[in-house]
1. Inspect segment 137-150 for any residue being loosely packed, with under 14 Cβ neighbours inside 10 Å and at pLDDT below 90 and give the result as yes or no.
2. For segment 160-171, state whether one or more residues are touching a residue at least 40 places away in the same chain (Cβ under 8 Å) and more than 18 Å from residue 18 (Cα to Cα).
3. Which residues, taken from segment 50-76, are exposed (fewer than 14 other Cβ atoms within 10 Å of the Cβ), in contact with a helix residue (DSSP H, G or I) (Cβ under 8 Å, 6 or more places away or on another chain) and at pLDDT below 65?
4. Condition check: outside the structural domain of residue 66 (by TED's automatic domain parsing), in a helix (DSSP H, G or I) and either farther than 30 Å from residue 165 by Cα or modelled with pLDDT of 80 or more (or both). Does residue 87 satisfy that?
């Protein structure tokens, strides 16, 4: 199922939660948005819609690193002392060479690290957990742990802490409903899916 469908189903789940809590129009809009975003979260393990939205293009980072490396080399050649010159040139060359190895999949790792750093500054536990989730998603294969019960439970911790931070009852359920809607939509219970999800990883690799 494509990302647009997952957003729509997740948003619908958020709307159902809003109705259950008799939410105000503003809170209903929030729950619909949270449900839609949560409905995309399991697919952070691939280059999908949400991943492309929260990460820069790797080409931007490559270009920036190469430019900084080149400037460092030029500065070291003209301004550095004898000892610093070689160090600056070495660092500049290393930056230019390493930047060539950056791929789009690495951008999610950089994003996760950035969110973790932001969570320390803002002292938000949900943000720290989200950074950890994103880092894990950047390393696992598609339809594995992010599409399992373990992934849903971990995301539930994120949603619970987000609710505590916002102080709005129902945020937890809107997020979790959106996330679970993705797992249901990708499961083999639906005849349109030839491939299911490994719901009970790491205890079983059977598709459901």
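1. Scanning segment 137-150, I find at least one residue that is loosely packed, with under 14 Cβ neighbours inside 10 Å and at pLDDT below 90, so the answer is yes.
2. Yes, because at least one residue in segment 160-171 is touching a residue at least 40 places away in the same chain (Cβ under 8 Å) and more than 18 Å from residue 18 (Cα to Cα).
3. Hits for segment 50-76 are 56, 57.
4. Working: outside the structural domain of residue 66 (by TED's automatic domain parsing): no; in a helix (DSSP H, G or I): yes; either farther than 30 Å from residue 165 by Cα or modelled with pLDDT of 80 or more (or both): yes.
No.
The values are calculated or read from the model by the stated rules, or taken from the named source; none is laboratory data. Note that the structure is predicted; figures quoted are calculated from it, not measured. Neighbour counts are summed over all protein chains in view; Cβ atoms, including those assigned to glycine, are modelled from backbone coordinates with ideal geometry.
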